[in-house]
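Scroll down for the structure; my scribbles are underneath it.
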Amino acid sequence: MNEPKWNNLTQMFFAQAKTFGSAPMLFEKRDGAWQSLSWADVAEQVARLAGGLKSLGVTKGDRVVIVSENRPEWLISDMAIMALGAISVPSYTTYTTRDYVHILDNSGAKAAIVSTRQLASTFLKAAHQADDLQHVITIEDPKLEQRLNVEVHSWENATAPTETSVETLSHDAESVLRSDIACLIYTSGTGGAPKGVKIHHGAILHNVEGAREVLRPLGLNNNAFLSFLPLSHAYEHTAGQFLPIFTGASIWYAEGLEKLATNMAEAKPTVMVVVPRLFELLRTRLVRQVQQEGGLKAKLFDTCIALGTKRAIDPSSLTVGEKIKNALLDISVRKQVRKKFGGRVKALVSGGAPLSPDVGYFFASLGLPLLQGYGQTESGPVVAVNPPAAPKMHTVGKLLENTEVKIAEDGEILVRGELVMQGYWQDDTTTAKTIIDGWLHTGDIGRLDEDNYLEITDRKKDIIVNDKGDNVSPQRIEGLLALEDEIAQAMVYGDRRPHLVGLIVPDVEWLAEWSKANNKPRTLAELKDDPDLRKALNAAVTRVNSRLSNLEKVRKIAIADEAFSVENEQMTPTLKVRRHIVNKVYADALEELY
C-alpha cells in the first residue's frame, strides 16, 4: 500500500485539494439550503486569507486566535494560519470575556479571527485589554461605534486577492517539520484556568494515520462527516476536521443541537464524532417516544434491543429462530431508526467522556455502531478506539498504530509516541510533572485486558477515598444515575466520609410530565424541596443502587437548584462537571446529608 506520508497538515491539505479539485468539500446551510465549496475553492480562500494575514505582519510562530462556531471559515482560517507557519489558537464560543483575556494574555496572540457580531461583542472587550493583540478579523460586521486598541478588519478585505498563491504556499509548506507546533488548544479547566497544550503537526498526523486504519474495513471512499462538536475541542479538531481532509471526505457543518436530527437526515453522514451525553439524550428520547406510542411498535422495539444486544455481546449465542426474527427486525425497526440518522452511518465514534456500555449496546442493537475511543488534548487527542469488527463496549478499544501504553504501579495510564504534546505553553513546571521520561501521565486509571483492549476505570484525581481508605469511582456511578429517565445529571460526593451521597438534577421532560400527572408546580425552583419529588428521584437512585456494591451505593440525595451548565461555570465547554465549583456551591446541602 503506497499511502502518502506528509510532513505537516498544510502539505496534506494542499495535496488533497489538488487531488480532489472540483469535488465538493465543505457544506453549510444558507438561506434554508445546503451550499457547498469545492476543494479548489477552499484552497483558493486559504491562500487569500494567508496573504491577508501576512500583510498584517503574521509570520512563522505567531499565534492567531479563532473564535467561531463550526463553519467553512473555521477550516479556512485554521489552514491559512498554519500555511504561514503560524500557530492557531482555537477558542470556545462559550468563553466569557474573562476567559478570552486569559487566552490572549497567555498565548500572546498577535491576531484573531471572530465570526458573528454576538461573539465579537464579547471577544472585543477582551481584545481591548490585551497587550499583544494587534489585529482582529471579523467575519460579520461588529458595528463598532468607537475605536479600540486593536485594528479591526473585515473578512472581505482580509480575503481579497494577493500575490500569495496556492502554489507558493504548497511550496513553502515543504519546509514545515512534523515537530513544529500546529496549534495551541486550551484544556477546559475542570480544576482551574485553561492551559495551552502545544500540539505539533506530527501529533495530529499520527492520530489521523491511525484512525484511517481503524476506518479502513468500513471503506474510505465517499465518506461524509457531520461536524457537530465544537472545533475548538481537540477531538473534533483532529477527528472531525483533519481526518476527513486526510481521507478525502466531505464535511457538513451542523446548525446546532436543536436542528441536529434534521441535519442528520439531510446530510446522510457516514461518520460522526460524538460525546456520550448526546447519545444518552437520544436514547432517552427514543425510548420515551416508543413507550408513549405503545402497542406492537413498542413490543418490536423492545425485542430489537434485546436480540440486538445479545448479538452484539456474542453473535454465536442467537438460536436459529432468533436469527430469523432478528433479520426481520432489520427491516421493520432498524431501517427506520437508521433513516433518522441519514441511513448511511458507518460509525459513530464516541469520546471526551466515559460511555456507559448500556448506551453502546443500545445503539449497536439498532444497527448504529457506536465505537468508544479514548484520549485527551495532550495526546493529539486519540490514544485508542474500538475496532468496528470487534468492539468491546466496556473498553475504549485498541491502541492506535505506533502508540505505546503502560500502566503505572498506582494504575495510572502512561502514553508514549509521536502523539504526545510538546508541553504546556509557558508552563514548564506543569509540563515536567505531566511528561516524565517521554511518558505522558494521563491522570486516568485503567488496565489492558488479555486482548490488549484498554479499559478506563476512573480519573486519578476524581477518585473518592472514604473514611476507611476505600477508593470509589464517582464517574461510573454518575453515568449509571444519568441513564435513569428521571435524572439528567448527577454528581457523587463522599471524600473522607462514611458513605456516598449525591446531587441530582432531574430530567426536564420527565419533570414536566411528573408535575402534570401529580398536579405540582412546573419549575425546579418551586419543586426542589417537594417530598414527593424526592421520593420519585429516590426510587430511581434505588434502582441504580441495586446494581452497585455496598461501597458504591448512594445513601442520600440533594436536589440541585438548576442544571450544571457552562453558563453557571459548573460544567466545562466539553460537558464535564467542575467538581470543585459544584462542591463549593452546594457545600451546605451536601454536608447536611450526613
Could you sort out which of LYS198/LYS406; LYS340/LYS553; LYS18/LYS60; LYS5/LYS54 sit more than 30 Å apart by Cα distance in this structure?
LYS340/LYS553
For region 275-460, build the charge dipole from Cβ charges (+1 Lys, Arg; -1 Asp, Glu) around the Cα centre, then report which of GLY443, SER316, VAL382 sits farthest towards its positive end.
SER316
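Give, rounded to the nearest 20 debye, the magnitude of the charge dipole that region 27-85 has about its Cα centre when Lys and Arg contribute +1 at Cβ and Asp and Glu contribute -1 at Cβ. Spell out each step's value before the answer.
Numbers: 7 positive and 8 negative charges, 39 e Å.
So the magnitude is around 180 debye.
Relative contact order of the chain: what whole-number percent is it, with Cα pairs under 8 angstrom and at least 6 residues apart?
For the chain, the relative contact order is 10 percent.
Highest first, please rank the peptides 43-49, 62-68, 118-124, 511-517 by the mean number of other Cβ atoms sitting within 10 Å of their residues.
Values: 43-49: 23.3, 62-68: 24.9, 118-124: 19.7, 511-517: 14.9.
In descending order of packing, they fall as 62-68, 43-49, 118-124, 511-517.
I want to verify the translational diffusion coefficient of the chain in µm²/s; compute it with Stokes-Einstein, Rh as the Kirkwood radius over Cα pairs, at 25 °C and 0.890 mPa s. Write out the running numbers ahead of the final one.
Values: Rh = 25.4 Å.
Roughly 97 µm²/s, to the nearest whole number.
By per-residue mean of other Cβ atoms within 10 Å, what is the highest-first order of 262-271, 432-441?
262-271, 432-441
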In deg cm²/dmol, rounded to the nearest 500, the helical mean residue ellipticity at 222 nm of the chain, built from -39500 (n - 2.57) for every DSSP H run of length 4 or more, is -11000 deg cm²/dmol
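Kirkwood Rh, Cα Rg: Rg to Rh for region 298-404? Present the calculation step by step, with values, prior to reporting the outcome.
Values: Rg = 15.2 Å, Rh = 14.7 Å.
Result: Rg/Rh = 1.03.
With +1 on each Lys and Arg Cβ and -1 on each Asp and Glu Cβ, and nothing else charged, work out how big the dipole of the chain is about its Cα centre, in Debye to the nearest 20.
On the way: 67 positive and 75 negative charges, 350 e Å.
The dipole magnitude comes to about 1680 debye.
Counting other beta carbons within 10 Å of each Cβ, put LEU370, LEU533 in order, fewest first. Walk me through the numbers on the way to the answer.
Numbers: LEU370 25, LEU533 22.
Taking fewest neighbouring Cβ atoms as first place, the list is LEU533, LEU370.
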What FRET efficiency, computed as 1/(1 + (r/R0)^6) with R0 = 41 Å and r the Cβ-Cβ distance, is obtained for ASP302 and ILE436, rounded to the nearest 0.05?
0.20
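Can you classify region 9-272 as rounded, prolate or oblate using the Cα gyration tensor, where a ≥ b ≥ c are the square roots of its eigenvalues, rounded means a/c under 1.5, and otherwise it's prolate if a/b beats b/c and oblate if not? Write out the running numbers ahead of the final one.
Numbers: a/c = 1.42, a/b = 1.30, b/c = 1.09.
Rounded.
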Would you calculate the volume per residue, in Å³, of the smallest convex hull containing every Cα atom of region 463-592?
104
Defining a contact as two alpha carbons under 8 Å apart and six or more residues distant in sequence, what relative contact order in percent does region 9-272 show?
20
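Report, in debye and to the nearest 20, how large the dipole of region 275-460 comes out about its Cα centre when Lys and Arg carry +1 and Asp and Glu carry -1 on their Cβ. Intermediate values should be presented prior to the final figure.
Numbers: 25 positive and 23 negative charges, 338 e Å.
The dipole magnitude comes to about 1620 debye.
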Dipole of the chain [Lys/Arg +1, Asp/Glu -1 at C-beta], most positive-end residue of ALA160, ALA23, ASN402
ALA23
On alpha carbon coordinates alone, what is the Rg over Rh value for region 384-453, Rh being the Kirkwood radius?
1.02
Please report the relative contact order for region 463-592, taking Cα pairs under 8 Å with a sequence separation of at least 6, and give it as a percent rounded to a whole number.
23
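Quick note: the coordinates plus some simple rules give every number you see, no bench work behind them. Nothing here was measured: the structure is a model prediction, and the numbers come from that model. Please note: Cβ atoms are built from the backbone with ideal geometry, for glycine as well, and neighbour counts cover all protein chains shown.
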